[in-house]
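The next block holds one structure in the form of C-alpha cells; read it before the comments.
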Amino acid sequence: MQLTISDKAQKWYIEELELSQGDGVRFFGKYGGSTNVHDGFTTGMQIIKPSEEVLANVEHQGITFFTEKLDEWFFNGFDLSVEFDDDLKEPRYIYKEQ
C-alpha cells in the first residue's frame, strides 16, 4: 500500500487542524458512507502519533501522515491518494487498485 498526499492537502491539514512538528495524522476505515471503492465504509482521520505498526506513511514539515497495519483490511489491494478538492475546499480520498 502506498500513501501520497498532495501539497494542497498537506497545507489544509496543517492549517485547519493546527498541526505542528511531531504531530501525526492517521487515516483509517470506518463504518458508514462510502469511498470510490468501498460501500458502507468511509475514510476516517485522527490526530495521533504513529504506533510501531505503521502500514504506510508520508512525512511533511515534521508531521507524519500514516495508516496502521490494524487497518490493513480497509486498504488491502489499494493505494490511497489524498488530494485537495478545490470546489469543496477540503481533502478528497482517492483509492486506486495496486
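The values are calculated or read from the model by the stated rules, or taken from the named source; none is laboratory data. Because the structure is a prediction, the values reported are computed rather than measured. In this analysis, Cβ positions are derived from the backbone assuming ideal geometry, glycine residues included, and neighbour counts consider all displayed protein chains. With ligands, DNA and RNA removed, areas are computed over all heavy atoms of the protein, side chains included. Shrake-Rupley method; radii C 1.70, N 1.55, O 1.52, S 1.80 Å.
In this Cβ point-charge picture (+1 for Lys and Arg, -1 for Asp and Glu), the range 34-81 has a dipole of about 120 debye about its Cα centre. Taking a straight line from the alpha carbon of LYS49, these lysines sit under 17 Å away, with near neighbours fewer than eight places off in the same chain left out: LYS69.
For the chain, what ratio Rg/Rh do Cα atoms give with a Kirkwood hydrodynamic radius? Write out the running numbers ahead of the final one.
On the way: Rg = 12.7 Å, Rh = 13.6 Å.
A ratio of 0.94.
With all protein chains kept in place, the per residue accessible area of the chain amounts to 60 square angstrom at a probe of 1.4 angstrom.
For the chain, with all protein chains in place and a probe radius of 1.4 Å, 44% of the accessible heavy-atom surface sits on carbon or sulfur.
When +1 charges are put on Lys and Arg Cβ atoms and -1 charges on Asp and Glu Cβ atoms, the dipole computed for the range 1-79 relative to its Cα centre reaches about 80 debye. The relative contact order of the chain, computed from alpha carbon pairs under 8 Å that lie at least 6 residues apart in sequence, is 34 percent. Each peptide among 11-24, 60-73 gets the average number of other Cβ atoms lying within 10 Å of its residues, and from highest to lowest they stand as 60-73, 11-24. Mind jotting down the distance between the C-alpha centroids of the range 58-98 and the range 1-33, whole Å? Cα centres, the range 1-33 to the range 58-98: 7 Å.
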